[in-house]
Amino acid sequence: MGKTSFRHIVIGLGGLGSAAAYWLSQRDGGDVLALEQFELGHARGESEDHSRIIRKTYHTVDYVRYAQAAYDTWAEVEAHAGEELVVKTGELNFWPEVTTLDETAFNSAMAACDVPFERLSAAEVSRRFPQFRFDDSIHAVWQPDGGLLAASKANAAHRRLAARQGAVLRDNAPVEAIRQINGGYEVRAGGQIYEGEKLILAAGPWTNRLLAHFGLSLPLVVTQEQVSYVTPLDAAPFTPERFPVWIWMIHDNYYGFPIYGANGVKIARDRFVPTTAETRSFTPDPENEAQLRGFLERHIPQAAGPLLYSKTCILTHTPDTDFVLDSLPGHPGVFCVVGANHAMKFASVIGRTLADLACTGETAQPIEAFRFGRDALRSTE
């Protein structure tokens, strides 16, 4: 059966777990086991698709600094993998007159971290990017470092490099039991028994299933979301060189991407439809498709060609929208991470942070807001 005792066991090989396995294997090579309940790269979770937005536009200084570290960390992974994972297109955040989001907080946090940005009128946006059509009540903030992360490629790169560095990756190995033993933890998964000194739980919507082994739970909400890929009437204006990633800055925002990975632009809207990992649907909602098409027809009409395809996904949310990135109460050797719906852009630096914590017990990254014991996570109802 091979090796069964490891210094580190990572549970979950989506975006965050794959990154943790990679950064742990940088330090401890063959002393890392990573377990995935399904096949590697499966589409049942949160982190697989051609692209995710990567950005430095955040509402707090700590998030902006963590985003800056994310860019630096991805650059290291790109160099190691020998492939491009971050495509800088620039980012446009569109601010309507009425929104519950605080533009001043975003701009102040970027300014405090020396992140360049410009505030553009609707007319200025039209001159630079004639693909967009907005009336004068709208303005935008342009940040040139924004772009897309090649999510599925990045996850695969983390796993490939981890295995090359000696990590053992096991798929189709759902966790059946975890118990504390002298010097660590015993994990029964896929019919096998493993021992590990440290555990990292990176299970997304299945997090509470793992926490139950420790008598714990978190007040997490899983939602079903949907993206559509649409073939533009003319592809040329929508390449990454000419069309930026963009976000409509309201709570249930629209957002979109240039053509990348599929022969269409990608558009989505946060809808926050409650579901579970077990009950979610893989069938796209025609009403959502119609909403997305309506937005394109009004504001990006050249992109509103034939629907290429739509797909559903699920996301895991915390009550305050901040990550969970900490050891478990009473279990200093067990670390839990929850991405809170916006972690993929941070995946590699989160994996590196988890490796810091597991190997040294500390990290230089700004993670105080992500602690397990914060007020927003105290309710388990």
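The values are calculated or read from the model by the stated rules, or taken from the named source; none is laboratory data. Since the model is a prediction, treat every value here as computed from it, not as a measurement. Cβ coordinates were reconstructed from backbone atoms using ideal geometry, including for glycine residues, and neighbour counts include every protein chain displayed.
Within region 22-35, track down each residue that is surrounded by fewer than 24 Cβ atoms within 10 Å (Cβ to Cβ) and closer than 30 Å to Asp114 by Cβ.
Gln26
Contact map, region 105-130: first residue closer than 20 Å to Pro301 by Cβ, second residue among the acidic types (Asp, Glu), Cβ cut-off under 7 Å, separation 6 or more or different chains; pairs are Ala122/Asp135; Ala122/Asp136. With respect to the conditions (1) part of a strand (DSSP E or B); (2) among the aromatic types (Phe, Trp, Tyr); (3) surrounded by fewer than 23 Cβ atoms within 10 Å (Cβ to Cβ), Phe38 lacks only one, and its number is (1).
Does Thr312 count as surrounded by 14 or more Cβ atoms within 10 Å (Cβ to Cβ), in the same structural domain as Phe272 (by TED's automatic domain parsing) and touching a Lys or Arg at 6+ places or on another chain (Cβ under 9 Å)? For Thr312, the condition - surrounded by 14 or more Cβ atoms within 10 Å (Cβ to Cβ), in the same structural domain as Phe272 (by TED's automatic domain parsing) and touching a Lys or Arg at 6+ places or on another chain (Cβ under 9 Å) - is met. Where strands (runs of 3 or more DSSP E) sit wholly within region 105-171, those with at least 3 residues that are surrounded by fewer than 19 Cβ atoms within 10 Å (Cβ to Cβ) and at pLDDT 95 or above occupy 118-121.
Screening Ala177 against (1) of a type in the set (A, V, I, L, M); (2) over 30 Å from Ala202 (Cα atoms); (3) more than 23 Å from the chain's Cα centre (by Cα); (4) in a strand (DSSP E or B) leaves a single unmet condition, (2).
Here is a yes/no grid of residues against (1) over 23 Å from Ala43 (Cβ atoms); (2) part of a helix (DSSP H, G or I):
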{"position": "Lys311", "(1), (2)": "no, no"}
{"position": "Ile314", "(1), (2)": "no, no"}
{"position": "Asp322", "(1), (2)": "yes, no"}
{"position": "Asp326", "(1), (2)": "yes, no"}
{"position": "Val337", "(1), (2)": "no, no"}
{"position": "Ala340", "(1), (2)": "no, no"}
{"position": "Lys345", "(1), (2)": "no, yes"}
{"position": "Val349", "(1), (2)": "yes, yes"}
{"position": "Ala355", "(1), (2)": "yes, yes"}
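When region 38-66 is filtered for residues that are under 30 Å from His299 (Cβ atoms), of a type in the set (A, V, I, L, M, F, W, C) and out of contact with any strand residue (DSSP E or B) (no Cβ under 8 Å at 6 or more places or on another chain), only Val64 remains.
To keep it simple, each residue is scored yes or no on (1) under 23 Å from the mean Cα position of the chain (by Cα); (2) touching a residue at least 40 places away in the same chain (Cβ under 8 Å); (3) surrounded by 13 or more Cβ atoms within 10 Å (Cβ to Cβ).
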residue: Phe238; (1), (2), (3): no, yes, yes
residue: Ala262; (1), (2), (3): yes, yes, yes
residue: Ile267; (1), (2), (3): yes, yes, yes
residue: Thr283; (1), (2), (3): yes, no, no
residue: Pro286; (1), (2), (3): no, no, no
residue: Gln291; (1), (2), (3): no, no, yes
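Scanning region 142-196 for residues being touching a helix residue (DSSP H, G or I) at 6+ places or on another chain (Cβ under 9 Å) and charged (D, E, K, R) gives a total of 6.
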